[in-house]
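Heads up: the structure comes next, in structure tokens.
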């Protein structure tokens, strides 16, 4: 497959690409150029692995179409403002149907923290993609192994796990879920979760969150995250379809 050709980055006119500018015309002392701040910010965004579709997400652009959405946005704003202290050391558990804005808020939290210049190693991970990558690693020698794939998730100061429970809850998948979450629980690392599964679904035929991720993991989430409920929120994608 042919890759798209991208234009080379423009050279900063202030520092001529060196990253440093002299304090005065006759001085040997220098200071970091403003462009270095943009470079570091872009590097942090790239290393956070936020999907392209959500790379524009901000809290200001979030549509507050209901009381529950306004409450959720306010809680995420409080979380971002408090970072890295966080709220009682907890993360967030965003629970709601597809298309209600959970992933937007989760990605926006990471981007707002980065753009504010706040510290921390931040990582976004879609759970289904992660499981598929781990499964593929068992079938090809050139792909990274499970330990290498999971290391960034273990080490991140703030991790977003998007679509928790989206994979069929086989014993193998539940082992992976438990390993990731229990490690972060034990190390007191902050995590933001999004999931489509409720503790008490509106329809009795639907699986509960505990059935999708296991009792041990659900128990840990009570202590790891404040729950934000998006019940009865209309699917934004369906409402704004072409």
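The values are calculated or read from the model by the stated rules, or taken from the named source; none is laboratory data. This structure is a prediction, so every number in the text was calculated from the model and none was measured. Please note: Cβ atoms are built from the backbone with ideal geometry, for glycine as well, and neighbour counts cover all protein chains shown.
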Checklist entry - What helices (runs of 4 or more DSSP H) completely inside the range 168-227 contain at least 3 residues that are exposed (fewer than 14 other Cβ atoms within 10 Å of the Cβ) and at pLDDT 95 or above? => result 215-224
Next on the checklist: Give all pairs with beta carbons closer than 6 Å in which a residue from the range 184-200 that is touching a residue at least 60 places away in the same chain (Cβ under 8 Å) and at positive phi meets a residue that is buried (at least 19 other Cβ atoms within 10 Å of the Cβ) and in a helix (DSSP H, G or I); count only pairs at least 6 apart in sequence or on separate chains.
Outcome noted: none
Next on the checklist: Being within 20 Å of residue 227 (Cα to Cα), touching a helix residue (DSSP H, G or I) at 6+ places or on another chain (Cβ under 6 Å) and either buried (at least 21 other Cβ atoms within 10 Å of the Cβ) or at pLDDT 95 or above (or both) is the requirement here; does residue 122 meet it?
Outcome noted: no
Checklist outcome for this item: Scanning the range 95-112 for residues that are within 11 Å of the chain's Cα centre (by Cα) and closer than 22 Å to residue 43 by Cβ gives 106, 107, 108, 109, 110, 111
Item to check | So residue 98, is it surrounded by fewer than 21 Cβ atoms within 10 Å (Cβ to Cβ), in a loop (DSSP other than H, G, I, E, B) and in contact (Cβ under 8 Å) with a residue 40 or more places away in the chain | outcome: yes
Item to check | Any chance residue 68 is surrounded by 13 or more Cβ atoms within 10 Å (Cβ to Cβ) and farther than 26 Å from residue 210 by Cα | outcome: no
Next on the checklist: Going residue by residue through the range 131-146, is there one that turns out to be surrounded by 19 or more Cβ atoms within 10 Å (Cβ to Cβ) and in a loop (DSSP other than H, G, I, E, B)?
Outcome noted: no
